[in-house]
1. Looking only at the range 5-32, how many residues end up being modelled with pLDDT under 90 and either at positive phi or acidic (Asp, Glu) (or both)?
2. List the number of the failed condition for Gly62; all other conditions in (1) in a helix (DSSP H, G or I); (2) over 15 Å from the mean Cα position of the chain (by Cα); (3) under 25 Å from Tyr153 (Cα atoms) hold.
3. Are any of the residues in the range 91-99 out of contact with any helix residue (DSSP H, G or I) (no Cβ under 8 Å at 6 or more places or on another chain), surrounded by fewer than 20 Cβ atoms within 10 Å (Cβ to Cβ) and more than 20 Å from Met160 (Cβ to Cβ)?
4. How many residues are crowded, with 18+ Cβ neighbours inside 10 Å and touching a Pro at 6+ places or on another chain (Cβ under 8 Å) when one looks only at the range 50-64?
5. May I ask you to verify whether Tyr72 is modelled with pLDDT of 75 or more, touching a helix residue (DSSP H, G or I) at 6+ places or on another chain (Cβ under 7 Å) and aromatic (Phe, Trp, Tyr)?
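The values are calculated or read from the model by the stated rules, or taken from the named source; none is laboratory data. Nothing here was measured: the structure is a model prediction, and the numbers come from that model. Every residue, glycine as well, gets a Cβ built from its backbone with ideal geometry; the counts of neighbours run over all protein chains shown.
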Amino acid sequence: MDRPISALPPFEAILANKRKIRRAVEEAGVSFTYVAGNTFSAYFVDYILHPHQNPSEVVVYGTGEAKVVFNYEGDVAAYTIKAATDPRVANRVIIYRPPENISSQSELISTWEERPSLEKSSCSRGGASLPFPDNIPVAVLHNIFMKGDQMKYEVTEEDMEAPRLYPDYNYTSIDKYLDMCVVDPPRPKLAVFA
């Protein structure tokens, strides 16, 4: 089942390719487990807050109120390894949506500003219009932070939520991740969207 989202053209092209691959895998009868990792903390927290630079301003996309799921990359990897040999998720979707990792951009900024030894940041609102392929990250940010598409659908009986499936795994909440950023911000891997 595909999620009912509409995206800006650059991001929609990526989603269309994912749908093609998914249909081909299903039609071929290949066993699968689809992983919905949502937003990777190191990449997007760095993109929004720039914890290495401690800027005096950050950009807020849209109203800043769309709910987003921020997942620490190491946790997504750990859940994926657990799922790889778990027959309960064969031919299903596993969704990484830990409740403590659901936050709006405004909540994330406020939580970051509450951290000790940080200068208070003021937020500016804005965006950019860029040529391809630079417009792809902007389109992704639009879906995540302005439209809130990660939280616009209900998890169905066909879906499996990782925190419910593996309650013994101690995932990194966004609050714990921000604590890590105060001490030693993880350097994100750069994403290539084109």
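1. Final tally of qualifying residues: 1.
2. (1)
3. Kept after step one, since they are out of contact with any helix residue (DSSP H, G or I) (no Cβ under 8 Å at 6 or more places or on another chain), are these residues of the range 91-99: 91-93.
Still in the running and surrounded by fewer than 20 Cβ atoms within 10 Å (Cβ to Cβ): 91-93.
Remaining after also requiring more than 20 Å from Met160 (Cβ to Cβ): none.
No: the range 91-99 contains no residue that is out of contact with any helix residue (DSSP H, G or I) (no Cβ under 8 Å at 6 or more places or on another chain), surrounded by fewer than 20 Cβ atoms within 10 Å (Cβ to Cβ) and more than 20 Å from Met160 (Cβ to Cβ).
4. Number satisfying all stated conditions: 1.
5. Details: modelled with pLDDT of 75 or more: yes; touching a helix residue (DSSP H, G or I) at 6+ places or on another chain (Cβ under 7 Å): yes; aromatic (Phe, Trp, Tyr): yes.
Yes; evaluated as a whole, the condition is true for this residue.
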